[in-house]
Amino acid sequence: MIFFGKNEQIVDAGEGVKRKLLGRGGTLMMAEVSFQKEAIGAIHSHPHEQVSYIVQGSFEFHLDGKVQRVVKGDSVYVPSNTLHGVKALEDNSIILDVFTPQREDFV
């Protein structure tokens, strides 16, 4: 299955945060999440495993009680049921998130 990014719907995912699904099938899902400076991805957990790749910009990444700065080219593995969240440190910061199983709440 091919997903053409220009055709995918952009969803408002919070103040200064936009999300677009880029691909899904089987047990995998991939989403692009764009942030304006100071926008927050609230601290949360879910049963899905997640890998986040920083495509552009930089973030303060909260993972299981620890905070680290991540920048373009860095990636983070988030085990299931682990508290995590982000704060964008620059305008137009982008994360590519991959989940297994799929986040049905994103569909």
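General remarks:
- Residue match in region 5-17 (condition: assigned to a strand (DSSP E or B), crowded, with 16+ Cβ neighbours inside 10 Å and not charged (D, E, K, R)): yes
- Of all residues in region 92-107, those that are at pLDDT 95 or above and surrounded by 14 or more Cβ atoms within 10 Å (Cβ to Cβ) total 10.
- Restricting GLY65, GLY73, GLY25 to those that are surrounded by fewer than 16 Cβ atoms within 10 Å (Cβ to Cβ), within 24 Å of GLN102 (Cβ to Cβ) and of a type in the set (Gly, Ala, Ser) reduces the list to GLY25.
- Filter result for ARG103 (of a type in the set (D, E, K, R) and under 22 Å from PHE4 (Cβ atoms)): yes
- Filter pass, ASP105 being without any contact (Cβ under 8 Å) to a residue 12 or more places away in the chain, of a type outside the set (Val, Ile, Thr) and touching a His at 6+ places or on another chain (Cβ under 9 Å): yes
The values are calculated or read from the model by the stated rules, or taken from the named source; none is laboratory data. Here the structure is a predicted model, which is why all the values come from computation and not from measurement. Heads up, the Cβs are rebuilt from the backbone with ideal geometry, glycines too, and the neighbour counts pull from every protein chain shown.
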